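For reference, the structure discussed in these notes is given below.
The values are calculated or read from the model by the stated rules, or taken from the named source; none is laboratory data. Bear in mind that the values here come from a model prediction, so they are computed numbers and not experimental data. With ideal geometry, Cβ positions are generated from the backbone for all residues, glycine too; neighbour counts draw on all protein chains shown. The protein model used for the area step is the full one, side chains on, heavy atoms only, and it has no ligands, DNA or RNA in it. Shrake-Rupley method; radii C 1.70, N 1.55, O 1.52, S 1.80 Å.
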Amino acid sequence: LTAVTEVENELIEILDVEKILNEISPLNAEVSADVAEGLTTEGKEDKIIFIADDSAVARNQVKKALTSLGLEIELAKNGLEALNRLKEIAEEYGDITKRIGVLVSDIEMPEMDGYTLTAEIKNTPELQKLHVVLHTSLSGVFNQAMVQKVGADDFIAKFHPDELATAVQKWLMTDCE
């Protein structure tokens, strides 16, 4: 149960569907041995992978998959929390990419969604070089267009650990311009 609200004098309970599905039929969040063997972060050992997702289940799945890269991981519960933390880090380092390698963000989140987060990052000089991978259960032409419009570097469907780890490694190893 994630929330209770009243609509027309009736109590409505809102369920955490991801959590329920994970309890009934847990997803395998492990990167396959073949893919893990090919992953490298050589020269990027000082970087953090930043994850923004409102679902604790999804955050943990993404974290588990990306742990195979062997880097520090930082988590945020929504886009606003992520943006504020990224600004703090940029204030300390000047250029966010000196500390953060890649941001993996969900799209649908409270406070600030992934599209708005990405647009804010790309419009903030000290953040704009950060590579952003949007990781979502949304699909379709509209979402692909939005990904391009806000300037995200990649769009990965949930939840394919091999694809996610490979994409994060690719953007981690791509020098920022």
Task: Distant-in-sequence amide H partners of Ala76 (H built 1.01 Å from N, under 5 Å) - done: Ile51, Ala52, Asp53
Task: region 41-73: GluC sites (Glu not before Pro) in DSSP coil with no more than 16 other Cβ atoms inside 10 Å - done: Glu42, Glu45
Task: Per residue solvent-accessible surface (Å²) - region 1-141, probe of 1.4 Å - done: 55
Open item on the list: Quick one: the Cα spread of region 107-177 along its three principal axes, in angstroms, biggest first?
Closed with: 31, 28, 22
TODO: Kindly express, to the nearest 10 degrees and within the range 0 to 90, the angle between helix 161-173's C-alpha long axis and the longest C-alpha principal axis of the chain.
DONE: 40
TODO: Tell me which residues come under 5 Å, amide H to amide H, from Ile156 once H is placed; ignore anything under 5 positions away on its chain.
DONE: Leu134, His135, Thr136
Task: Helix 141-150 axis, angle to the chain major axis (alpha carbon atoms, nearest 10°) - done: 50
Open item on the list: Compute the helix-to-body angle for 79-93: its Cα long axis versus the longest principal axis of the chain, expressed 0 to 90° and rounded to tens.
Closed with: 20
Task: Helical mean residue ellipticity (222 nm; -39500 (n - 2.57) per DSSP H run of 4+; nearest 500) of the chain - done: -12000 deg cm²/dmol
Task: Accessible surface of the chain [probe 1.4 Å, protein heavy atoms]: carbon and sulfur percent - done: 48
- [ ] Using Cα pairs closer than 8 Å and at least 6 residues apart in sequence, work out the relative contact order for the chain, in percent.
- [x] 21
TODO: Sort region 47-127 into rounded, prolate or oblate with this rule: let a ≥ b ≥ c be the square roots of the eigenvalues of the Cα gyration tensor; rounded if a/c is under 1.5, and if a/c is not under 1.5, prolate when a/b is larger than b/c, oblate otherwise.
DONE: oblate
- [ ] Just list whichever of Lys64/Lys170; Lys19/Lys44; Lys98/Lys149 have alpha carbons separated by over 24 Å in the model shown.
- [x] Lys19/Lys44; Lys98/Lys149
Task: Cα-based shape type of region 43-177, given that a ≥ b ≥ c are square roots of the gyration tensor eigenvalues and the cut on a/c is 1.5 - done: rounded
Task: Kirkwood Rh in Å, taken over region 1-100 so that all alpha-carbon pairs contribute - done: 16.2
Task: Added length on full extension, which subtracts the Cα-Cα distance from 0.36 nm per residue, Lys64 to Leu11 - done: 15.5 nm
